[in-house]
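Novice: Starting off with a structure, shown below.
The values are calculated or read from the model by the stated rules, or taken from the named source; none is laboratory data. Since the model is a prediction, treat every value here as computed from it, not as a measurement. In this analysis, Cβ positions are derived from the backbone assuming ideal geometry, glycine residues included, and neighbour counts consider all displayed protein chains.
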Amino acid sequence: MSRGRASDQTASVYLLDQEALIPRNHPLRAIKKMVDQELRELQPILDGAYARQGRASIPPERLLKAMLLMALFSVRSERQLCEQLGYNFLYRWFLDMNPDEPAFDATSFTKNRKRFAEHGITRAFFELVVALGIESGYASDEHFSVDGTLIASYASLKSVRPIDGDDEQVRDGSDDDDPGNPSIDFRGQRRTNTTHRSLTDPEARFARKSNFGATSLAHSGHALMENRNGLVVDIEVDAADGHAERRCALQMVARARERLGVHLSTLGADRGYDDGAFMAALAQANVTAHIAMRDRKISLQDANGRLRLNNRLRQRGKPYQLSQRIRKRIEEAFAWTKGFGGLRRARHAGRWKLRQCMEMIAAAYNLLRMVKLAASPT
């Protein structure tokens, strides 16, 4: 056998079949099939979000798919994704882009983000993915779990200023002339959520995971999970004020029944939901609370304002034990969202932008779960 040598002369014309470049068993094929199906159902909303005349925009379907790619392949920013579109044929194939088609600019996300929020496009897409999981038999109709997590804010602690202060930019009030990384002296100052706000992300709040943890600016993210296969059926983003877990749980329970039509008979949760008013609201909604309760008496207030003691909540039967064992799977969804989805720290300032990111990352997580479930022999 003779030695092979690389040719110094490159061809000027190539004939490429993008479909042949993608392996037949690549998991992105099954995901693309499901995504295209949901985008066809989303056409009425997309048509109503854009004008019929004028300069054509980047196809919104392409932007939604690009947001899924960022979660599925842990792309750290929109700018990096647009850069990789110049040479990554897998991404181009998923976005239905021709090999010679120029990649769109990262500002396309910025220009369309507010339009997506006004018309609820990312929320509608996420709910279509959840509905597909329910119709396919992957999701439970009765048994669910709920939990919350802290998502670090885009802003830094240096951006925190008194609410009644005059500073408008982070470099205001600095001890030096370095606008990129100003020196701020907070010694001797007590900073709380009632007295201070971040100039970069005013909706962020001081929060910490435990009594001994470090305090940081954060938002609270919440998820409602079905217990059969661990699909995320709803998400919510709220202020990290210590009460958001129970407040968002009731919102997601009501929304799941109204929009998805699920029965929802049991709800598992950890000790953070051990609150009498919260469990009374669940009882009023005919939902059995499977909550890890502390060893104390719980006073519940019913609709008539009378205080009563619900001893049934203290029963530790097999349904409760099973619900508590499966409840831990929701941590897997949060770990994937922060690790692979890139949401360990918010990419943007603003709670509504963070909600968009969580909706698309949760949709990507559900799509990946359904592909694995479809390939499973059981």
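Novice: Being out of contact with any Phe, Trp or Tyr (no Cβ under 7 Å at 6 or more places or on another chain) and part of a loop (DSSP other than H, G, I, E, B) is the filter here; which residues of region 348-360 pass it?
Specialist: Of everything in region 348-360, just one residue is out of contact with any Phe, Trp or Tyr (no Cβ under 7 Å at 6 or more places or on another chain) and part of a loop (DSSP other than H, G, I, E, B), namely Gly350.
Novice: Quick check on Ala30: is it buried (at least 19 other Cβ atoms within 10 Å of the Cβ) and either among the small types (Gly, Ala, Ser) or at pLDDT below 95 (or both)? Don't jump to the end; show me each part of the working.
Specialist: Working: buried (at least 19 other Cβ atoms within 10 Å of the Cβ): no; either among the small types (Gly, Ala, Ser) or at pLDDT below 95 (or both): yes.
For Ala30, the condition - buried (at least 19 other Cβ atoms within 10 Å of the Cβ) and either among the small types (Gly, Ala, Ser) or at pLDDT below 95 (or both) - is not met.
Novice: For region 254-293, what are the residues that are in contact (Cβ under 8 Å) with a residue 60 or more places away in the chain, at negative phi and of a type outside the set (Lys, Arg)?
Specialist: Passing the criteria: Ala256, Leu260, Val262, His263, Ser265, Thr266, Leu267, Gly268, Ala269, Asp270, Gly272, Tyr273.
Novice: Also, I was wondering about something else. Quick check on Thr149: is it outside the structural domain of Gly48 (by TED's automatic domain parsing), in a loop (DSSP other than H, G, I, E, B) and under 23 Å from Val237 (Cα atoms)?
Specialist: Details: outside the structural domain of Gly48 (by TED's automatic domain parsing): yes; in a loop (DSSP other than H, G, I, E, B): no; under 23 Å from Val237 (Cα atoms): yes.
When the stated conditions are applied, Thr149 does not pass them.
Novice: Asp178: part of a loop (DSSP other than H, G, I, E, B), under 23 Å from Lys353 (Cβ atoms) and out of contact with any strand residue (DSSP E or B) (no Cβ under 6 Å at 6 or more places or on another chain), yes or no? Full working, then the answer.
Specialist: Numbers: part of a loop (DSSP other than H, G, I, E, B): yes; under 23 Å from Lys353 (Cβ atoms): no; out of contact with any strand residue (DSSP E or B) (no Cβ under 6 Å at 6 or more places or on another chain): yes.
No.
Novice: I'm trying to understand the selection: among the residues of region 337-347, which are in a helix (DSSP H, G or I) and under 10 Å from the mean Cα position of the chain (by Cα)? Don't jump to the end; show me each part of the working.
Specialist: Going residue by residue through region 337-347, those that are in a helix (DSSP H, G or I) are 337-339.
Across region 337-347, the qualifying residues are Thr337, Lys338.
Novice: Picking from Ala152, Ala117, Ala124, Ala103, which residue would you name as being touching a residue at least 40 places away in the same chain (Cβ under 8 Å), closer than 22 Å to Ser74 by Cβ and small (Gly, Ala, Ser)? Break it down stepwise before answering.
Specialist: Values: Ala117 fails: closer than 22 Å to Ser74 by Cβ; Ala124 fails: closer than 22 Å to Ser74 by Cβ; Ala103 fails: touching a residue at least 40 places away in the same chain (Cβ under 8 Å).
After ruling out the rest, the residue left standing is Ala152.
Novice: Working only within region 79-106, note down all residues that are in a helix (DSSP H, G or I), closer than 24 Å to Ala30 by Cβ and either at pLDDT below 90 or not hydrophobic (A, V, I, L, M, F, W, C) (or both). Give the derivation first.
Specialist: Let us first name the residues in region 79-106 that are in a helix (DSSP H, G or I), namely 79-84, 89-94.
Next cut, closer than 24 Å to Ala30 by Cβ only: 81, 84, 89-94.
Correct list: Gln84, Tyr91, Arg92.
Novice: Next question. Please work out if Ala333 is at pLDDT 65 or above, more than 30 Å from Leu68 (Cβ to Cβ) and out of contact with any Ser or Thr (no Cβ under 8 Å at 6 or more places or on another chain). Break it down into steps so the answer makes sense when it comes.
Specialist: Working: at pLDDT 65 or above: yes; more than 30 Å from Leu68 (Cβ to Cβ): no; out of contact with any Ser or Thr (no Cβ under 8 Å at 6 or more places or on another chain): yes.
Criteria not met by Ala333.
Novice: With the condition kept exactly as written, say whether any residue in region 261-271 is modelled with pLDDT under 90 and over 17 Å from His143 (Cα atoms).
Specialist: Within region 261-271 (the criterion being modelled with pLDDT under 90 and over 17 Å from His143 (Cα atoms)), the answer is yes, since at least one residue qualifies.
Novice: Examine region 238-249 for a residue that is more than 20 Å from the chain's Cα centre (by Cα), in contact (Cβ under 8 Å) with a residue 60 or more places away in the chain and not in a strand (DSSP E or B), and state whether such a residue exists.
Specialist: Quick first cut of region 238-249, residues more than 20 Å from the chain's Cα centre (by Cα) only: none.
No, there is no match, as no residue in region 238-249 is more than 20 Å from the chain's Cα centre (by Cα), in contact (Cβ under 8 Å) with a residue 60 or more places away in the chain and not in a strand (DSSP E or B).
Novice: If you take the residues in region 38-86 that are farther than 25 Å from Gly341 by Cβ and among the hydroxyl-bearing types (Ser, Thr, Tyr), which one is surrounded by the most Cβ atoms within 10 Å (Cβ to Cβ)?
Specialist: Looking at residues that are farther than 25 Å from Gly341 by Cβ and among the hydroxyl-bearing types (Ser, Thr, Tyr), I get Ser57.
Novice: Separate question: Return the total of residues in region 115-139 being of a type in the set (D, E, K, R) and over 17 Å from the mean Cα position of the chain (by Cα). Explain how you work it out, then say what you get.
Specialist: Pass one, region 115-139, residues of a type in the set (D, E, K, R): 115, 118, 123, 127, 135.
Retained after the next criterion (residues that are over 17 Å from the mean Cα position of the chain (by Cα)): 115, 118, 135.
Summing the residues that are of a type in the set (D, E, K, R) and over 17 Å from the mean Cα position of the chain (by Cα) in region 115-139 gives 3.
Novice: Assuming Val13 fulfils every condition listed in (1) loosely packed, with under 10 Cβ neighbours inside 10 Å; (2) modelled with pLDDT of 90 or more; (3) β-branched (Val, Ile, Thr) apart from one, which condition is it?
Specialist: Result: Val13 passes all but (2).
Novice: Being surrounded by 11 or more Cβ atoms within 10 Å (Cβ to Cβ) and in a loop (DSSP other than H, G, I, E, B) is the filter here, so list the residues in region 190-202 that pass it.
Specialist: Step one: list which residues in region 190-202 are surrounded by 11 or more Cβ atoms within 10 Å (Cβ to Cβ), which gives 191, 193, 195-202.
Passing the criteria: Arg191, Asn193, Thr195, Leu199, Thr200, Asp201, Pro202.
Novice: Follow-up question, since we're still on this one. Looking at region 97-104, is at least one residue touching an Asp or Glu at 6+ places or on another chain (Cβ under 9 Å), surrounded by fewer than 19 Cβ atoms within 10 Å (Cβ to Cβ) and within 26 Å of Leu21 (Cα to Cα)?
Specialist: Keep residues of region 97-104 that are touching an Asp or Glu at 6+ places or on another chain (Cβ under 9 Å), which gives 103.
Remaining after also requiring surrounded by fewer than 19 Cβ atoms within 10 Å (Cβ to Cβ): 103.
If we keep only those that are within 26 Å of Leu21 (Cα to Cα) too, we end up with 103.
Taking every residue of region 97-104 in turn, at least one turns out to be touching an Asp or Glu at 6+ places or on another chain (Cβ under 9 Å), surrounded by fewer than 19 Cβ atoms within 10 Å (Cβ to Cβ) and within 26 Å of Leu21 (Cα to Cα).
Novice: Could you list, in sequence order, the residues of region 27-78 that are aliphatic (A, V, I, L, M), part of a loop (DSSP other than H, G, I, E, B) and without any contact (Cβ under 8 Å) to a residue 40 or more places away in the chain?
Specialist: Taking region 27-78 first, the residues aliphatic (A, V, I, L, M) are 28, 30-31, 34-35, 39, 42, 45-46, 49, 51, 56, 58, 63-64, 66-72, 75.
Those left that are additionally part of a loop (DSSP other than H, G, I, E, B): 42, 51, 56, 58, 75.
Residues satisfying the conditions are Ala51, Ala56.
Novice: Could you list, ordered by first residue, the pairs with Cβ atoms under 7 Å in which the first is in region 353-378 and closer than 13 Å to Ala30 by Cα and the second is of a type in the set (A, V, I, L, M, F, W, C) and not in a helix (DSSP H, G or I), at least 6 apart or interchain?
Specialist: Sorted first by the residue in region 353-378, then by its partner, the pairs are Asn366/Leu231; Asn366/Val232; Arg369/Leu231.
Novice: Do we find a residue being outside the structural domain of Leu260 (by TED's automatic domain parsing), of a type in the set (Lys, Arg), exposed (fewer than 15 other Cβ atoms within 10 Å of the Cβ) and closer than 26 Å to Met34 by Cα anywhere in region 106-114?
Specialist: Narrowing region 106-114 to residues outside the structural domain of Leu260 (by TED's automatic domain parsing): 106-114.
With the extra rule that they be of a type in the set (Lys, Arg), the set shrinks to 111, 113-114.
In the following step, the residues that additionally are exposed (fewer than 15 other Cβ atoms within 10 Å of the Cβ) were identified as 111, 114.
Now drop any that are not closer than 26 Å to Met34 by Cα, which leaves 114.
Checking region 106-114: at least one residue is outside the structural domain of Leu260 (by TED's automatic domain parsing), of a type in the set (Lys, Arg), exposed (fewer than 15 other Cβ atoms within 10 Å of the Cβ) and closer than 26 Å to Met34 by Cα.
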